[in-house]
Amino acid sequence: MLITKTVTGMKDIMPKEEELRQYLLTILRKTYTEFGFMGMETPHIEHLKNLTSDQGWENEKLIFKILKRGEKLKEAFDEKKYENICDEALRFDLTVPLCRYYAEHRNDLPQPFKAMQIGNVFRADKPQKGRFRSFLQCDIDELGDGTNIAEIDILLATSTFLKRIGFDQYGFKFAINDRRILKAAQNYAGFSEEDFEKVCITLDKFDKIGFSGVKEELLQYGYDKVKVEKYLKLIDNNDGSLSSLKKLGDELKEYLEIDVLNSLVEIISTVSELNNVKIDFAPTLVRGMGYYTGPIFEIQSDKLSSSFGGGGRYDKMVGDFIGTNVPATGLSIGFERLITILMENNYEIPSETKKIAFLFNKDVNEEIKKEAFKEALELRQKGHVVYTSPKNKNIKFQKEALSKEGFNEFKEFG
């Protein structure tokens, strides 16, 4: 017997969920297109060298590598050059492939380039609720814009989409920080440049271990207690408001360029006022150590303990492909987590479309059947969904199953 269960970390998608997915993707594409983002695609398979260039940070440990084929694979094993057995891999995100795409096609693209990329990515991760080894990512990025117009644009577009699907009822908000603020805070406390990454990795655990846990871990690493306490006191005095950000900016004025603070204030105030969305300044927000260079942000919800999307500015990544840095900012929605929340809360797709089931008895005559199909066609032309099927022996079970898929009107023939 063949195996019916899915491969670990993968999932089958049932019709009701697929309907919801397609509805959300339609709204997503429409919204992002209205904001000027242009659809594009990259292959699922990428050069292994591109994916192992320290741009993906932790995700590089989760790569599905692809063996060479035929004689090339045999040659690598025969010569015991095991480092040569793979040269390609499945992409673990959409950002690295986007940078490769931009590097190759930049002369044929508008500048700045506003990209919309929706596709599956693959990670050899430990499966858990809402986390799979193959999942859909929905990214928007702006390449070539070094101003905060890019961040404002991306956050406005994303919040517009979430509001259009009614997700504000689940308490979504943005958390925002800037990598330069993280660095300035460490310099203020007396940490060296060499300490930056290690301190940030510990700070990134704040949501799980709190300030006491962060303090304990930093002290275990041997950092000076005075520095640690000065650092944590600086970022602990925060309630997420603009006033907290400005107060922190005043404390860091000798270590932080005023333009960095003013830009972040402008991003928060513009997006929150125009789209009536909550944006918290989060001085403990770290995100991808490997590539972010400026503002960073996450999408959070009262329904989830972790974020369901995020991004930031990564001005150096394209430079690894072309030798010249290109300003870039992007955001990725964790589509699978979004779907999980909506499915668990029995989200109903807003629609005036009827879903009707036409069920035929076994002995229905030709004339009745023809009239039924004519009626079905007329209903479909009006935009309604009509399901035609023979009537099962267990009609009650058949109707219950169809009801779960949204069919609430039944008509029997013959």
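The values are calculated or read from the model by the stated rules, or taken from the named source; none is laboratory data. Model, not experiment: these values are computed from the prediction. Using ideal geometry, Cβ is built from the backbone for each residue, glycine included, and neighbour counts are taken over all protein chains shown. Areas reflect the complete protein model, heavy atoms only, side chains present, ligands, DNA and RNA absent. Shrake-Rupley method; radii C 1.70, N 1.55, O 1.52, S 1.80 Å.
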* Asked: Between G249, V7, I149, whose Cα lies farthest towards the positive end of the dipole of the chain when Lys and Arg beta carbons carry +1 and Asp and Glu beta carbons carry -1, centred on the Cα centre?
  -> V7
* Under 5 Å, built H, 5+ apart or other chain: amide partners of C86 -> K68
* Asked: Where does the Debye-calculated log10 I(q)/I(0) of the chain sit at q = 0.06, 0.09, 0.13, 0.14 Å⁻¹, using only Cα point scatterers of equal weight, no solvent?
  -> -0.34, -0.69, -1.19, -1.31
* Between K278 and residues 5 or more places away or on another chain, which pairs have amide H atoms under 5 Å apart, with H built 1.01 Å from N, and which residues are they? -> F174
* Report the relative contact order of the range 336-414, percent, no decimals, based on alpha-carbon pairs under 8 angstrom and at least 6 residues apart. => 48
* If each of E344 and F373 carries a label point 7 Å out from its Cα toward its Cβ, how far apart are those two points in nm? -> 4.6
* Asked: If you rank T31, T353 by how much accessible surface each has, with a 1.4 Å probe, what is the order from largest down?
  -> T353, T31
* Asked: Taking θ as phi - 60°, what are the ³J(HN,Hα) couplings along the range 150-158 by the Karplus curve (6.51, -1.76, 1.60), each to the nearest whole Hz, with x for Gly and Pro?
  -> 5, 5, 4, 4, 5, 6, 5, 5, 5
* **Within the chain, percent of DSSP bridges classed antiparallel, to nearest 5** => 70
* CD proxy at 222 nm, helix term only [per DSSP H run n ≥ 4: -39500 (n - 2.57); per residue of the chain; nearest 500] -> -13000 deg cm²/dmol
* Using r as the Cβ-Cβ distance of V7 and S212, and R0 as 60 Å, what FRET efficiency do you calculate, to the nearest 0.05? -> 0.90
* **Gain upon complete extension [S192, M14; 0.36 nm per residue less C-alpha separation]** => 58.8 nm
* To do: Sort 258-264, 171-177 for me by packing, meaning the mean count of neighbouring Cβ atoms within 10 Å per residue, highest on top.
  => 171-177, 258-264
* Taking the Cβ-Cβ separation of H105 and T52 as r and a Förster radius of 30 Å, what is the calculated FRET efficiency to the nearest 0.05? -> 0.85
* Asked: Straight-line reach from K370: which aspartates and glutamates have a Cα under 14 Å away, not including same-chain ones fewer than 8 places off?
  -> E378, E412
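Over the range 68-214, what is the mean sequence separation of C-alpha contacts under 8 Å (at least six apart), divided by residue count, expressed as relative contact order in percent?
This gives 13 percent for the range 68-214.
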* Using a 1.4 Å probe, what is the accessible area per residue for the range 195-284, in Å²? -> 57
* Structure fact -> Checking the range 180-253 for chymotrypsin sites (Phe, Trp or Tyr not before Pro) in a loop per DSSP with at most 16 other beta-carbon atoms within 10 Å yields Y221
* C-alpha long axis of helix 366-381 to longest principal axis of the chain, angle in ° -> 30
* Cα to Cα, under 24 Å, and not fewer than 8 places away if on the same chain: which lysines meet these conditions relative to K215? -> K183, K198, K205, K225, K227, K230, K233, K247
* Mind checking which of P350, P327, Y188 is farthest towards the positive end of the chain's charge dipole, using Cβ charges of +1 (Lys, Arg) and -1 (Asp, Glu) about the Cα centre? => P350
* Starting from the Cα gyration tensor of the range 344-414, multiply each eigenvalue by 5, take the square root, and state the resulting semi-axes largest first in whole Å. => 24, 17, 5
* Report, by chain and number, residues whose modeled amide H sits under 5 Å from the one on E412, excluding near sequence neighbours (fewer than 5 apart, same chain). => L359
* Cα centre as origin, Lys/Arg/Asp/Glu Cβ charges: the chain dipole, Debye -> 1520
* To do: First compute the accessible area of the range 250-386 with a 1.4 Å probe, then give the percent of it belonging to carbon and sulfur atoms.
  => 44
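If you stretched the chain out fully between E75 and I395, how much longer would it get, using 0.36 nm times the residue separation minus the C-alpha to C-alpha distance?
Gain on stretching E75 to I395: 109.0 nm.
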* **Computed over the chain: relative contact order in percent, which uses C-alpha pairs under 8 Å that are six or more apart** => 17
* To do: Counting residues in the range 256-329 as N, plug N into 2.2 N^0.38 Å and put the Cα Rg over that result.
  => 1.26
* Can you spot the lysines whose alpha carbon is less than 20 Å from K5's alpha carbon? Ignore those fewer than 8 places along the same chain. => K16, K126, K129
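Filter K30/K173; K114/K163; K11/K74; K374/K411 down to the pairs with a C-alpha to C-alpha distance above 24 Å, please.
K11/K74
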* **FRET efficiency, 1/(1 + (r/R0)^6) with R0 35 Å, evaluated for K382 and F64 via beta carbons** => 0.15
* Ordered by residue, what ³J(HN,Hα) values in Hz, to whole numbers, does the range 343-352 give under the Karplus form 6.51 cos²θ - 1.76 cosθ + 1.60, where θ = phi - 60° and Gly and Pro are x? -> 5, 5, 9, 6, 4, 9, 5, x, 6, 8
